[in-house]
Amino acid sequence: MGSQVGEGARRIAFLSEHASPVALLGGADAGGQNVYVDEVSRHLGRLGYAVDVFTRRDSDEQPPVMAWRPGVRVVHVEAGPARTLPKDDLWPLMPAFRDGVARFAADEGTCYDLIHGNFWMSGWVAADLGQRLGVPVVQIFHAMGKTKQRHQGAADTSPEERIGVESDVIRSVDWVIAQCPSERDELVGDYGAPPDKVEIIPSAVNTEIFRPLSRAEARRQIEPELGIGSDDEVVGYVGRMLPRKDVRNVVRAFASLVRDREAAGRPAPKLLLVGGETGAPDPVTTPEIGVLQGMAADLGVAHLVRFTGNRQQDVLHRYYGAADVTVTTPWYEPFGLTPLEGMACGRPVVGSAVGGITFTVEDGVTGFLVPPRDPEALAAHLQELLDRPELRDRMGRAARARVERFFTWPTVAERTAALYEELWAEASRGGEAKRAAAPADPRALARAR
Ligand code: UDP
(Lines give C-alpha, C1' and ligand atoms only; values in the text may rest on other atoms or scores of the structure.)
Protein backbone atom coordinates (compact mmCIF):
# COMPACT_ATOMS: atom_id res chain seq x y z
CA MET A 1 0.00 0.00 0.00
CA GLY A 2 1.60 3.25 -1.08
CA SER A 3 1.49 6.56 0.68
CA GLN A 4 2.25 8.72 -2.37
CA VAL A 5 0.40 11.96 -2.28
CA GLY A 6 -0.45 14.45 -4.96
CA GLU A 7 1.75 17.47 -5.62
CA GLY A 8 0.77 20.33 -3.40
CA ALA A 9 -1.38 18.19 -1.11
CA ARG A 10 -2.04 19.80 2.25
CA ARG A 11 -0.01 18.08 4.95
CA ILE A 12 -1.58 17.15 8.26
CA ALA A 13 0.32 16.00 11.36
CA PHE A 14 -2.05 13.74 13.29
CA LEU A 15 -0.70 13.27 16.82
CA SER A 16 -1.81 10.33 18.93
CA GLU A 17 0.81 9.44 21.51
CA HIS A 18 -0.65 6.16 22.83
CA ALA A 19 -3.33 5.14 20.35
CA SER A 20 -1.83 3.88 17.11
CA PRO A 21 -3.91 2.84 14.13
CA VAL A 22 -1.62 -0.17 13.85
CA ALA A 23 -2.29 -1.47 17.40
CA LEU A 24 -4.42 -4.45 18.18
CA LEU A 25 -7.67 -3.40 19.75
CA GLY A 26 -9.62 -4.52 22.76
CA GLY A 27 -6.91 -4.22 25.41
CA ALA A 28 -6.83 -1.72 28.27
CA ASP A 29 -5.40 1.20 26.31
CA ALA A 30 -6.46 0.35 22.75
CA GLY A 31 -10.01 1.23 21.87
CA GLY A 32 -12.04 3.91 20.19
CA GLN A 33 -9.22 6.41 19.77
CA ASN A 34 -7.22 3.94 17.68
CA VAL A 35 -10.24 3.42 15.45
CA TYR A 36 -10.84 7.17 15.13
CA VAL A 37 -7.23 7.87 14.18
CA ASP A 38 -7.24 5.06 11.63
CA GLU A 39 -10.55 5.90 9.99
CA VAL A 40 -10.25 9.68 9.95
CA SER A 41 -6.67 9.63 8.63
CA ARG A 42 -7.62 7.07 5.99
CA HIS A 43 -10.55 9.09 4.74
CA LEU A 44 -8.57 12.32 4.81
CA GLY A 45 -6.01 10.47 2.68
CA ARG A 46 -8.78 9.56 0.26
CA LEU A 47 -9.81 13.19 0.09
CA GLY A 48 -6.31 14.05 -1.09
CA TYR A 49 -4.65 15.20 2.13
CA ALA A 50 -1.24 13.86 3.11
CA VAL A 51 -1.50 12.63 6.67
CA ASP A 52 1.32 11.59 8.97
CA VAL A 53 0.12 9.87 12.12
CA PHE A 54 2.69 10.29 14.89
CA THR A 55 2.54 7.74 17.68
CA ARG A 56 4.99 6.60 20.32
CA ARG A 57 7.26 3.76 19.33
CA ASP A 58 6.31 1.01 21.78
CA SER A 59 8.01 -2.01 20.22
CA ASP A 60 11.44 -2.73 18.77
CA GLU A 61 9.79 -4.19 15.72
CA GLN A 62 8.19 -0.96 14.60
CA PRO A 63 9.93 0.76 11.70
CA PRO A 64 10.49 4.50 12.11
CA VAL A 65 8.07 5.25 9.27
CA MET A 66 5.55 3.04 7.54
CA ALA A 67 3.20 3.54 4.62
CA TRP A 68 -0.13 2.69 6.21
CA ARG A 69 -2.92 3.67 3.81
CA PRO A 70 -2.94 5.64 0.58
CA GLY A 71 -1.88 9.12 1.60
CA VAL A 72 -1.24 8.08 5.20
CA ARG A 73 2.03 7.24 6.93
CA VAL A 74 2.52 6.15 10.52
CA VAL A 75 5.62 7.63 12.17
CA HIS A 76 6.87 5.85 15.28
CA VAL A 77 8.46 8.46 17.50
CA GLU A 78 11.20 7.55 19.99
CA ALA A 79 10.01 8.74 23.39
CA GLY A 80 10.85 6.52 26.34
CA PRO A 81 11.40 2.77 26.18
CA ALA A 82 10.26 0.91 23.05
CA ARG A 83 7.71 -1.16 24.93
CA THR A 84 4.09 -0.83 25.93
CA LEU A 85 3.59 1.49 28.89
CA PRO A 86 0.30 2.37 30.59
CA LYS A 87 -0.95 5.59 29.05
CA ASP A 88 -1.02 7.25 32.44
CA ASP A 89 2.78 6.90 32.56
CA LEU A 90 3.38 8.72 29.28
CA TRP A 91 3.06 12.34 30.36
CA PRO A 92 6.73 12.83 31.32
CA LEU A 93 7.67 11.54 27.87
CA MET A 94 5.74 14.20 26.00
CA PRO A 95 8.62 16.70 25.58
CA ALA A 96 10.62 13.89 23.93
CA PHE A 97 7.60 13.01 21.81
CA ARG A 98 7.22 16.64 20.74
CA ASP A 99 10.92 16.91 19.93
CA GLY A 100 10.72 13.69 17.93
CA VAL A 101 7.86 15.04 15.83
CA ALA A 102 9.71 18.32 15.25
CA ARG A 103 12.93 16.48 14.35
CA PHE A 104 11.14 14.23 11.87
CA ALA A 105 9.60 17.24 10.13
CA ALA A 106 12.91 19.12 10.08
CA ASP A 107 14.94 16.13 8.81
CA GLU A 108 12.48 15.50 6.00
CA GLY A 109 11.94 19.16 5.30
CA THR A 110 8.20 18.65 5.68
CA CYS A 111 6.12 21.72 6.50
CA TYR A 112 2.81 20.71 8.00
CA ASP A 113 -0.19 22.85 7.19
CA LEU A 114 -2.10 21.82 10.28
CA ILE A 115 -1.71 19.78 13.45
CA HIS A 116 -4.57 17.61 14.71
CA GLY A 117 -4.09 16.55 18.33
CA ASN A 118 -5.75 13.51 19.92
CA PHE A 119 -6.16 13.12 23.69
CA TRP A 120 -4.85 15.63 26.22
CA MET A 121 -1.17 14.70 26.04
CA SER A 122 -0.90 14.98 22.27
CA GLY A 123 -3.03 18.08 22.66
CA TRP A 124 -0.23 19.62 24.68
CA VAL A 125 2.30 18.64 22.01
CA ALA A 126 0.03 19.94 19.25
CA ALA A 127 -0.55 23.26 20.99
CA ASP A 128 3.14 23.73 21.65
CA LEU A 129 4.24 22.81 18.12
CA GLY A 130 1.43 24.85 16.62
CA GLN A 131 2.78 27.92 18.39
CA ARG A 132 6.37 27.23 17.47
CA LEU A 133 5.65 26.46 13.82
CA GLY A 134 2.86 28.98 13.40
CA VAL A 135 0.36 26.47 12.05
CA PRO A 136 -3.28 25.99 13.02
CA VAL A 137 -4.22 23.33 15.53
CA VAL A 138 -7.40 21.27 15.82
CA GLN A 139 -7.85 19.20 18.95
CA ILE A 140 -10.05 16.27 19.89
CA PHE A 141 -9.79 15.00 23.46
CA HIS A 142 -11.69 11.70 23.19
CA ALA A 143 -12.23 11.88 26.98
CA MET A 144 -12.06 14.68 29.54
CA GLY A 145 -10.12 14.54 32.79
CA LYS A 146 -12.79 16.21 34.91
CA THR A 147 -15.42 13.69 33.84
CA LYS A 148 -13.07 10.83 34.60
CA GLN A 149 -12.28 12.26 38.01
CA ARG A 150 -15.96 12.75 38.80
CA HIS A 151 -16.73 9.13 38.03
CA GLN A 152 -13.60 7.36 39.14
CA GLY A 153 -12.52 9.45 42.15
CA ALA A 154 -9.53 7.88 43.85
CA ALA A 155 -9.31 5.16 41.19
CA ASP A 156 -8.40 7.76 38.56
CA THR A 157 -4.71 7.26 37.82
CA SER A 158 -4.39 10.22 35.44
CA PRO A 159 -1.40 12.49 36.15
CA GLU A 160 -2.39 15.41 38.35
CA GLU A 161 -1.45 17.87 35.60
CA ARG A 162 -4.14 16.53 33.25
CA ILE A 163 -6.97 18.95 33.93
CA GLY A 164 -4.71 22.02 33.94
CA VAL A 165 -3.16 20.94 30.67
CA GLU A 166 -6.57 20.35 29.13
CA SER A 167 -7.58 23.91 30.04
CA ASP A 168 -4.35 25.27 28.53
CA VAL A 169 -4.87 23.28 25.35
CA ILE A 170 -8.46 24.50 24.97
CA ARG A 171 -7.26 28.09 25.31
CA SER A 172 -4.41 27.67 22.91
CA VAL A 173 -5.77 25.70 19.95
CA ASP A 174 -7.89 27.04 17.11
CA TRP A 175 -10.72 24.58 17.31
CA VAL A 176 -11.84 21.75 19.54
CA ILE A 177 -13.88 18.87 18.13
CA ALA A 178 -16.52 17.43 20.48
CA GLN A 179 -17.90 14.05 19.52
CA CYS A 180 -21.38 14.68 20.84
CA PRO A 181 -23.44 17.38 22.58
CA SER A 182 -22.61 16.11 26.06
CA GLU A 183 -18.88 16.43 25.34
CA ARG A 184 -19.45 19.99 24.17
CA ASP A 185 -21.29 20.64 27.43
CA GLU A 186 -18.30 19.32 29.35
CA LEU A 187 -15.89 21.50 27.37
CA VAL A 188 -18.01 24.59 27.85
CA GLY A 189 -19.39 23.91 31.33
CA ASP A 190 -16.39 22.29 33.02
CA TYR A 191 -13.58 24.07 31.20
CA GLY A 192 -15.07 27.37 30.08
CA ALA A 193 -14.37 26.69 26.40
CA PRO A 194 -15.90 29.41 24.21
CA PRO A 195 -18.88 27.69 22.55
CA ASP A 196 -17.92 29.02 19.10
CA LYS A 197 -14.57 27.28 19.39
CA VAL A 198 -16.20 23.86 19.80
CA GLU A 199 -17.45 21.98 16.76
CA ILE A 200 -19.52 18.83 17.14
CA ILE A 201 -18.39 16.14 14.73
CA PRO A 202 -19.66 12.75 15.88
CA SER A 203 -17.50 9.70 15.46
CA ALA A 204 -18.76 6.93 13.29
CA VAL A 205 -18.60 3.34 12.21
CA ASN A 206 -17.26 1.55 9.17
CA THR A 207 -20.50 0.32 7.63
CA GLU A 208 -18.73 -2.04 5.24
CA ILE A 209 -16.96 -3.95 7.99
CA PHE A 210 -19.78 -3.69 10.51
CA ARG A 211 -22.66 -5.11 8.52
CA PRO A 212 -25.71 -7.20 9.29
CA LEU A 213 -25.45 -10.97 9.16
CA SER A 214 -28.31 -13.29 9.94
CA ARG A 215 -28.07 -14.77 13.42
CA ALA A 216 -27.69 -18.26 11.97
CA GLU A 217 -24.88 -17.21 9.63
CA ALA A 218 -23.07 -15.24 12.33
CA ARG A 219 -23.25 -18.17 14.73
CA ARG A 220 -21.84 -20.48 12.09
CA GLN A 221 -18.92 -18.10 11.62
CA ILE A 222 -17.82 -17.87 15.25
CA GLU A 223 -15.91 -20.57 17.08
CA PRO A 224 -17.99 -23.72 17.61
CA GLU A 225 -16.29 -24.15 21.00
CA LEU A 226 -18.33 -21.20 22.22
CA GLY A 227 -21.27 -23.56 22.08
CA ILE A 228 -23.77 -21.03 20.81
CA GLY A 229 -26.57 -22.93 19.14
CA SER A 230 -28.93 -21.65 16.49
CA ASP A 231 -31.87 -21.52 18.94
CA ASP A 232 -30.06 -19.92 21.85
CA GLU A 233 -31.03 -16.49 23.05
CA VAL A 234 -27.84 -14.49 23.22
CA VAL A 235 -26.92 -11.18 24.82
CA GLY A 236 -23.64 -9.73 23.49
CA TYR A 237 -21.07 -7.25 24.80
CA VAL A 238 -18.03 -6.10 22.84
CA GLY A 239 -15.51 -3.70 24.36
CA ARG A 240 -12.63 -3.14 26.65
CA MET A 241 -12.75 -5.04 29.92
CA LEU A 242 -12.39 -2.22 32.40
CA PRO A 243 -14.28 -1.46 35.61
CA ARG A 244 -15.72 1.74 34.11
CA LYS A 245 -17.34 -0.22 31.29
CA ASP A 246 -19.26 -1.95 34.10
CA VAL A 247 -19.54 -5.35 32.48
CA ARG A 248 -20.24 -6.41 36.07
CA ASN A 249 -23.58 -4.68 35.72
CA VAL A 250 -24.21 -6.74 32.57
CA VAL A 251 -23.39 -9.98 34.38
CA ARG A 252 -25.71 -9.05 37.24
CA ALA A 253 -28.53 -8.19 34.84
CA PHE A 254 -27.90 -11.38 32.92
CA ALA A 255 -28.17 -13.45 36.10
CA SER A 256 -31.49 -11.82 36.85
CA LEU A 257 -32.66 -12.50 33.29
CA VAL A 258 -31.66 -16.16 33.62
CA ARG A 259 -33.64 -16.46 36.87
CA ASP A 260 -36.72 -14.96 35.26
CA ARG A 261 -36.55 -17.10 32.17
CA GLU A 262 -35.97 -20.29 34.12
CA ALA A 263 -38.87 -19.40 36.44
CA ALA A 264 -41.04 -19.08 33.33
CA GLY A 265 -39.89 -22.53 32.16
CA ARG A 266 -37.88 -21.07 29.26
CA PRO A 267 -34.38 -22.16 28.23
CA ALA A 268 -31.60 -20.07 29.76
CA PRO A 269 -30.01 -17.46 27.48
CA LYS A 270 -26.25 -17.04 26.97
CA LEU A 271 -23.98 -14.08 27.46
CA LEU A 272 -21.17 -13.49 24.96
CA LEU A 273 -18.36 -11.21 26.18
CA VAL A 274 -15.73 -10.06 23.67
CA GLY A 275 -12.65 -8.06 24.74
CA GLY A 276 -9.49 -8.28 26.82
CA GLU A 277 -5.76 -7.98 26.50
CA THR A 278 -5.30 -11.22 24.58
CA GLY A 279 -7.07 -13.26 21.93
CA ALA A 280 -8.09 -15.86 24.51
CA PRO A 281 -9.75 -14.95 27.80
CA ASP A 282 -7.05 -14.66 30.42
CA PRO A 283 -7.79 -13.43 33.94
CA VAL A 284 -4.08 -12.87 34.57
CA THR A 285 -3.47 -10.39 31.77
CA THR A 286 -7.03 -9.04 32.02
CA PRO A 287 -7.90 -8.97 35.73
CA GLU A 288 -11.41 -7.72 34.98
CA ILE A 289 -12.13 -11.03 33.24
CA GLY A 290 -11.21 -12.78 36.50
CA VAL A 291 -13.59 -10.54 38.43
CA LEU A 292 -16.39 -11.24 35.96
CA GLN A 293 -15.76 -14.97 36.02
CA GLY A 294 -15.91 -14.96 39.81
CA MET A 295 -19.09 -12.95 39.77
CA ALA A 296 -20.74 -15.24 37.19
CA ALA A 297 -19.81 -18.25 39.34
CA ASP A 298 -21.22 -16.64 42.50
CA LEU A 299 -24.44 -15.83 40.68
CA GLY A 300 -24.71 -19.38 39.36
CA VAL A 301 -24.48 -18.45 35.67
CA ALA A 302 -20.84 -19.24 34.88
CA HIS A 303 -21.90 -22.08 32.57
CA LEU A 304 -23.90 -19.62 30.46
CA VAL A 305 -21.24 -16.93 30.06
CA ARG A 306 -18.79 -17.14 27.15
CA PHE A 307 -15.59 -15.08 27.14
CA THR A 308 -13.72 -14.93 23.84
CA GLY A 309 -10.83 -12.54 24.56
CA ASN A 310 -10.30 -9.74 22.07
CA ARG A 311 -11.12 -9.89 18.38
CA GLN A 312 -10.11 -7.60 15.54
CA GLN A 313 -12.41 -5.24 13.71
CA ASP A 314 -12.76 -7.33 10.56
CA VAL A 315 -14.44 -10.21 12.41
CA LEU A 316 -16.39 -8.38 15.08
CA HIS A 317 -19.57 -8.27 12.98
CA ARG A 318 -19.85 -12.01 13.50
CA TYR A 319 -19.95 -11.57 17.27
CA TYR A 320 -22.37 -8.66 17.19
CA GLY A 321 -24.45 -10.63 14.69
CA ALA A 322 -24.43 -13.76 16.84
CA ALA A 323 -26.23 -11.80 19.56
CA ASP A 324 -29.95 -11.12 19.60
CA VAL A 325 -29.32 -7.92 21.47
CA THR A 326 -26.15 -6.03 22.30
CA VAL A 327 -25.48 -4.19 25.49
CA THR A 328 -23.15 -1.58 26.95
CA THR A 329 -23.70 0.02 30.35
CA PRO A 330 -20.63 2.05 31.29
CA TRP A 331 -20.68 4.49 34.22
CA TYR A 332 -19.84 7.21 31.71
CA GLU A 333 -18.90 7.25 28.03
CA PRO A 334 -17.31 10.14 26.14
CA PHE A 335 -18.72 8.80 22.85
CA GLY A 336 -18.81 5.01 22.60
CA LEU A 337 -18.14 3.31 19.29
CA THR A 338 -19.39 -0.12 20.30
CA PRO A 339 -23.08 0.86 20.46
CA LEU A 340 -22.76 2.20 16.91
CA GLU A 341 -21.06 -0.99 15.79
CA GLY A 342 -23.87 -3.11 17.23
CA MET A 343 -26.38 -0.85 15.49
CA ALA A 344 -24.51 -1.09 12.18
CA CYS A 345 -24.74 -4.87 12.51
CA GLY A 346 -28.50 -4.51 12.74
CA ARG A 347 -28.87 -5.31 16.42
CA PRO A 348 -30.79 -3.30 19.00
CA VAL A 349 -28.59 -1.84 21.72
CA VAL A 350 -29.44 -1.44 25.37
CA GLY A 351 -27.06 1.19 26.68
CA SER A 352 -26.52 3.47 29.65
CA ALA A 353 -28.13 6.86 29.32
CA VAL A 354 -24.75 8.59 29.58
CA GLY A 355 -22.52 10.72 27.35
CA GLY A 356 -22.44 9.84 23.67
CA ILE A 357 -24.76 6.87 24.06
CA THR A 358 -27.69 9.23 24.57
CA PHE A 359 -26.83 10.66 21.15
CA THR A 360 -26.25 7.44 19.21
CA VAL A 361 -28.97 5.16 20.62
CA GLU A 362 -32.45 6.47 19.96
CA ASP A 363 -34.42 5.36 23.00
CA GLY A 364 -37.36 3.16 22.07
CA VAL A 365 -36.43 3.23 18.37
CA THR A 366 -32.99 1.65 17.91
CA GLY A 367 -32.77 0.15 21.39
CA PHE A 368 -33.23 1.36 24.94
CA LEU A 369 -31.45 3.71 27.30
CA VAL A 370 -31.20 2.62 30.91
CA PRO A 371 -29.68 4.26 33.98
CA PRO A 372 -26.10 3.12 34.63
CA ARG A 373 -25.54 0.79 37.60
CA ASP A 374 -29.11 -0.49 37.40
CA PRO A 375 -29.07 -4.21 36.57
CA GLU A 376 -32.83 -4.61 37.04
CA ALA A 377 -33.64 -1.94 34.45
CA LEU A 378 -31.22 -3.57 32.06
CA ALA A 379 -32.66 -7.04 32.70
CA ALA A 380 -36.20 -5.78 32.08
CA HIS A 381 -35.28 -4.39 28.66
CA LEU A 382 -33.30 -7.48 27.71
CA GLN A 383 -36.30 -9.56 28.62
CA GLU A 384 -38.59 -7.41 26.53
CA LEU A 385 -36.35 -7.63 23.48
CA LEU A 386 -35.91 -11.38 23.79
CA ASP A 387 -39.65 -11.84 24.22
CA ARG A 388 -40.57 -9.74 21.21
CA PRO A 389 -38.64 -10.81 18.10
CA GLU A 390 -40.60 -8.45 15.87
CA LEU A 391 -39.61 -5.46 18.07
CA ARG A 392 -36.00 -6.67 18.12
CA ASP A 393 -35.88 -6.95 14.33
CA ARG A 394 -37.59 -3.61 13.79
CA MET A 395 -35.17 -1.89 16.15
CA GLY A 396 -32.24 -3.63 14.49
CA ARG A 397 -33.30 -2.30 11.09
CA ALA A 398 -33.85 1.19 12.49
CA ALA A 399 -30.44 1.02 14.11
CA ARG A 400 -28.68 0.21 10.84
CA ALA A 401 -30.60 2.97 9.07
CA ARG A 402 -29.65 5.52 11.74
CA VAL A 403 -25.98 4.65 11.40
CA GLU A 404 -26.06 4.91 7.61
CA ARG A 405 -27.74 8.26 7.86
CA PHE A 406 -25.71 9.98 10.58
CA PHE A 407 -22.59 8.08 11.56
CA THR A 408 -20.23 7.19 8.72
CA TRP A 409 -16.51 7.94 8.52
CA PRO A 410 -16.50 9.59 5.07
CA THR A 411 -18.86 12.20 6.51
CA VAL A 412 -16.67 12.67 9.58
CA ALA A 413 -13.62 13.17 7.36
CA GLU A 414 -15.46 15.63 5.12
CA ARG A 415 -16.60 17.67 8.08
CA THR A 416 -13.13 17.57 9.61
CA ALA A 417 -11.62 18.67 6.31
CA ALA A 418 -14.14 21.52 6.12
CA LEU A 419 -12.89 22.70 9.50
CA TYR A 420 -9.29 22.60 8.29
CA GLU A 421 -10.21 24.49 5.11
CA GLU A 422 -11.94 27.16 7.13
CA LEU A 423 -8.83 27.66 9.23
CA TRP A 424 -6.62 27.93 6.16
CA ALA A 425 -9.03 30.33 4.53
CA GLU A 426 -9.00 32.43 7.69
CA ALA A 427 -5.22 32.39 7.76
CA SER A 428 -4.94 33.36 4.09
CA ARG A 429 -7.29 36.28 4.68
CA GLY A 430 -4.77 37.30 7.31
CA GLY A 431 -7.57 37.14 9.82
CA GLU A 432 -7.22 36.36 13.44
CA ALA A 433 -7.47 32.66 14.02
CA LYS A 434 -9.54 31.66 17.00
CA ARG A 435 -6.36 30.62 18.78
CA ALA A 436 -5.25 32.87 21.62
CA ALA A 437 -2.19 34.91 20.68
CA ALA A 438 -0.26 33.88 23.77
CA PRO A 439 1.92 30.79 23.62
CA ALA A 440 0.81 27.63 25.40
CA ASP A 441 0.83 28.27 29.12
CA PRO A 442 4.49 28.16 30.19
CA ARG A 443 3.46 26.46 33.42
CA ALA A 444 2.31 23.50 31.38
CA LEU A 445 5.60 23.45 29.53
CA ALA A 446 7.54 23.61 32.77
CA ARG A 447 5.53 20.82 34.30
CA ALA A 448 6.22 18.57 31.36
CA ARG A 449 9.97 19.04 31.40
N1 UDP B 1 -12.63 -3.44 20.10
C2 UDP B 1 -12.02 -4.35 19.27
N3 UDP B 1 -11.83 -5.61 19.73
C4 UDP B 1 -12.20 -6.01 20.96
C5 UDP B 1 -12.84 -5.07 21.80
C6 UDP B 1 -13.04 -3.78 21.34
O7 UDP B 1 -11.68 -4.06 18.13
O8 UDP B 1 -11.98 -7.16 21.30
C9 UDP B 1 -12.88 -2.09 19.57
C10 UDP B 1 -14.36 -1.86 19.36
O11 UDP B 1 -14.78 -2.51 18.19
C12 UDP B 1 -14.42 -0.35 19.29
C13 UDP B 1 -13.30 0.08 20.23
O14 UDP B 1 -12.48 -1.07 20.44
O15 UDP B 1 -14.18 0.11 17.98
C16 UDP B 1 -13.85 0.55 21.55
O17 UDP B 1 -14.31 1.85 21.37
P18 UDP B 1 -15.37 2.56 22.32
O19 UDP B 1 -15.50 3.96 21.84
O20 UDP B 1 -16.62 1.76 22.41
O21 UDP B 1 -14.74 2.54 23.75
P22 UDP B 1 -13.27 2.95 24.25
O23 UDP B 1 -12.52 1.67 24.22
O24 UDP B 1 -12.71 3.97 23.32
O25 UDP B 1 -13.49 3.44 25.63
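Observations
- Annotation: the antiparallel percentage among DSSP beta bridges lying fully within segment 208-363 is about 0.
- Among SER428, GLY123, GLY236 the positive-end extreme of the charge dipole of the chain (Cβ point charges): GLY236
- Within the accessible area of the chain, the carbon and sulfur atoms contribute 51%, probe 1.4 Å, all protein chains present.
- Per residue solvent-accessible surface (Å²) - segment 59-213, probe of 1.4 Å: 38 Å²
- Helix 375-387 and the longest principal axis of the C-alpha atoms of the chain enclose an angle of approximately 70°.
- Of all the options GLY109, GLY300, GLY229, the one that moves most in a Gaussian network model of the chain with Cα springs shorter than 10 angstrom is GLY109.
- For segment 61-101, the relative contact order works out to 33 percent when only alpha carbon pairs closer than 8 Å and six or more residues apart are counted.
- Under the simplified labelling scheme, the VAL22-ALA9 pair shows an inter-label distance of 1.8 nm, with each label point 7 Å from Cα along Cα→Cβ.
- Label-to-label distance for ARG415 and SER158 is 2.3 nm, based on points extended 7 Å past Cα in the beta-carbon direction.
- Counting only alpha carbon atoms, the long axis of helix 409-428 and the longest principal axis of the chain meet at about 20°.
- Proximity of backbone amide H atoms, modeled 1.01 Å from N, is registered between VAL370 and GLY351, SER352, ALA353 at under 5 Å, excluding neighbours fewer than 5 places apart on the same chain.
- Couplings 3J(HN,Hα) for segment 145-159, derived from phi with the Karplus relation 6.51 cos²θ - 1.76 cosθ + 1.60 (θ = phi - 60°), are x, 5, 5, 4, 5, 4, 8, 9, x, 5, 7, 6, 9, 5, x Hz, where x marks Gly and Pro.
- Its relative contact order, with pairs defined as Cα atoms under 8 Å and 6+ residues apart, puts segment 160-316 at 19 percent.
- At an R0 of 25 angstrom, the distance between the Cβ atoms of ASP88 and ALA297 translates into a FRET efficiency of 0.20.
- Fluctuation leader among ALA105, ALA30, ALA79 - the chain, Gaussian network, Cα springs under 10 angstrom: ALA105
- Percentage relative contact order, the chain, counting C-alpha pairs under 8 Å, at least six apart: 17 percent
- Highest-MSF residue in the chain out of PRO224, PRO136, PRO92 [GNM, Cα springs under 10 Å]: PRO224
- Cα lying deepest toward the dipole's positive end in the chain, options PRO159, ALA255, ALA178, charges on Cβ: ALA255
- Rounded tilt (10° steps) of 94-108 against the dominant C-alpha axis of the chain: 60 degrees
- Partners for LYS146 among aspartates and glutamates (Cα-Cα distance below 16 Å; same-chain residues under 8 apart left out): ASP88, ASP156, GLU160, GLU161, GLU166, ASP168, GLU183, ASP185, GLU186, ASP190, GLU333
- A 1.4 Å probe, protein heavy atoms only, puts the accessible area of ARG83 near 130 Å².
- J(HN,Hα) series, segment 256-268, from Karplus relation 6.51 cos²θ - 1.76 cosθ + 1.60, nearest Hz, glycine and proline x: 5, 4, 4, 4, 5, 6, 5, 4, 8, x, 9, x, 6
The values are calculated or read from the model by the stated rules, or taken from the named source; none is laboratory data. Quick caveat: nothing in here was measured; it's all calculated off a predicted structure. All Cβ positions, glycine included, derive from the backbone under ideal geometry; neighbour counts span all protein chains shown. Surface areas here come from the heavy atoms of the whole protein model, side chains and all, with no ligands, DNA or RNA. Shrake-Rupley method; radii C 1.70, N 1.55, O 1.52, S 1.80 Å.
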